[in-house]
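In what follows, a single structure is set out as structure tokens and then discussed.
The values are calculated or read from the model by the stated rules, or taken from the named source; none is laboratory data. The model shown is predicted, which means the values in this text are computed figures rather than measured ones. All Cβ positions, even for glycine, are placed from backbone atoms using ideal geometry, and neighbour counts span all protein chains on display.
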Amino acid sequence: KSKGFPKDFLWGSASAAYQVEGGWDADGKGVSNWDKFVRIPGKTFKATTGDKAVDHYHRYKEDVKLMAEMGLKTYRFSIAWTRIYPNGNGEVNEAGLQFYDNLINELLKYGIEPMVTVYHWDMPQALEDQYHGWESRQIVDDYVNYAKTLFERYGDRVKYWITMNEQNIFTSFGWLKGMHPPGKENDMKTFYQVNHHANMAHAKTVLALKEMYPDAKVGASFAYSPCYAYDRKPENAMAKADYDDLQNYWWMDIYAYGRYPRSAWAYLESQGVTPQMEDGDEDILKKAAALVDFMGVNYYQTCVAEYNDINGVGMTNTMNNTGEKGTAQVQGVPGLYKNPANDFLPTTDWDWTIDPMGIRMCCRDITSRYDLPVVISENGLGAFDKVEDGQVHDPYRIAYLKAHIEELKKAIDDGCRVLAYCTWSYTDLLSWLNGYQKRYGFVYVDREEDENSGTLNRIPKDSYYWYKKVIETNGEE
Ligand code: BGP
């Protein structure tokens, strides 16, 4: 018989500041790199902005009330650095701090545990202008200073902190694929340097938090795609091993052990792209790793690794950002691996594989490799939703989430310690590259790409009422 979910399990849902808040220049907020990037034609779907997004900045009370009615146990959200420090450093903006005070207090009023992401990709543009943002080591101090401001202000009320969201995604999309700011392509050397800076920012943030609040719970959120070898050909099994070292363990080993995987490091050396480190860095990374409380996992899909010829496909091949099924191209690292589609699995309209068992594999791998508890900080289905007679019927989303929750339950039976499950997302919101038409929420928001479209009214979908029952029955629904 299954053990089931622990009594204090945190059933949650997630969002990120840029994707929901809007109010992009409200109350002293500074400009972020995303405010700027989305305005470059051709970079994101119809160059849709988060200027207004779903106006959570002004409607948070209404959103939190719906969460309370649903019985949500935790809400994961991120803080916009540019609301707190409009210029990234220097003078703090009291109005920005006040907004998150209000949001946190509103959540606590209903007994909803706030889970706060310090950084979900929206970096102050001022830091890009001052020293090229993540490319400079200077960002580490500014990041820690910003994070400490949050801990000082909210640490008495916020127990769960996520230092950084999907470092693997914002760095690879920003410096290899050209699809996130600063929009660079194939710049391996800078990519690894940027990652080292982000690792130091993460580690020093963990140390700062634990010094101020030893009982706080902290981790980073990683976009984890477990990988299958294409077939039993030895070279494809090796492609999987390379993929795991360079795409998964490269980050997770830092968070959990404070060191880079040795074979990946050797590959970087062979390419002349190892990051520059300072004396004492390794020590700091190790100290922080010893204090981390969980691994945050954003799980959406698994992938396949197949050997990729030295003249094979690269990282800049086109993704499917339109929702026209079957338009995504294969990407890879020449000489190591490429990631073809998996014929055994169904896909979403954006060509993401649907593989519930993958969530169990994430938990299993983290448990046996790191012996750390897991927080599922994102999991969900992006789909085209339709309003019919004032309702949104999304059985496909219910089926997707239900299957993943089933597998999560098995992971717990396998001995994994899973603390929380946050769906992506709570309300519909802006998908960075895919506009508003790719919807993830339990709560439908009436808007389209055009800034002036829609009423922004909220409509709970069928999945909203279903998840309410999941929470009530502690995952037995
Ligand atoms: C993760 C991000 C989220 C969210 C989600 C869905 O990578 O952390 O912010 O956007 O993916 O992705 P997408 O919007 O591309 O469908």
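Per the listing GLY272, GLY332, the residue uniquely within 26 Å of ASP351 (Cβ to Cβ) and either touching a strand residue (DSSP E or B) at 6+ places or on another chain (Cβ under 8 Å) or at pLDDT 95 or above (or both) is GLY332. For the range 99-114, the set of residues classified as closer than 12 Å to ILE79 by Cβ and either within 16 Å of the ligand (Cβ to nearest atom) or more than 21 Å from the chain's Cα centre (by Cα) (or both) consists of PHE99, ASP101, listed by residue number. Scanning the range 346-386 for residues that are touching a residue at least 24 places away in the same chain (Cβ under 8 Å), over 22 Å from SER13 (Cα atoms) and part of a strand (DSSP E or B) turns up nothing. Based on what the data block shows, is ASP385 over 14 Å from ILE405 (Cα atoms), within 16 Å of the ligand (Cβ to nearest atom) and among the acidic types (Asp, Glu)? Criteria met by ASP385.
In summary, ALA305 fulfils each of the numbered conditions (1) in contact (Cβ under 8 Å) with a residue 12 or more places away in the chain; (2) closer than 30 Å to LYS159 by Cα; (3) not in a loop (DSSP other than H, G, I, E, B) with the single exception of condition (2).
Restricting ASP283, ASP253 to those that are within 25 Å of the chain's Cα centre (by Cα), without any contact (Cβ under 8 Å) to a residue 24 or more places away in the chain and part of a helix (DSSP H, G or I) reduces the list to ASP253.
For the range 401-442, filtering for residues that are on the phi < 0 side of the Ramachandran plot and away from the ligand (no atom under 16 Å from the Cβ) leaves 16. Is it true that some residue in the range 59-72 is in contact with a strand residue (DSSP E or B) (Cβ under 8 Å, 6 or more places away or on another chain) and of a type in the set (Ser, Thr, Tyr)? The answer is no, given that none of the residues of the range 59-72 is in contact with a strand residue (DSSP E or B) (Cβ under 8 Å, 6 or more places away or on another chain) and of a type in the set (Ser, Thr, Tyr).
Conditions (1) surrounded by fewer than 20 Cβ atoms within 10 Å (Cβ to Cβ); (2) more than 26 Å from ASP414 (Cβ to Cβ); (3) within 14 Å of the ligand (Cβ to nearest atom), marked per residue:
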site	(1), (2), (3)
THR318	yes, yes, no
GLY323	yes, yes, yes
LYS338	no, yes, no
ASN342	yes, no, no
LEU345	yes, no, no
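Within the range 105-118, residues that are farther than 16 Å from LEU150 by Cβ and modelled with pLDDT of 95 or more sit with their Cβ atoms under 6 Å from residues that are assigned to a loop (DSSP other than H, G, I, E, B) and not polar (S, T, N, Q), at 6+ positions apart or across chains, in these pairs: ILE112/LEU72. Restricting attention to the range 76-103 and to residues that are surrounded by 20 or more Cβ atoms within 10 Å (Cβ to Cβ) and either of a type in the set (Gly, Ala, Ser) or touching a strand residue (DSSP E or B) at 6+ places or on another chain (Cβ under 6 Å) (or both), the residue that is farthest from ASN379 (Cα to Cα) turns out to be GLY88. The helices (runs of 4 or more DSSP H) falling completely within the range 115-225 that include 3 or more residues that are within 21 Å of the chain's Cα centre (by Cα) and away from the ligand (no atom under 16 Å from the Cβ) map to 138-154, 188-212.
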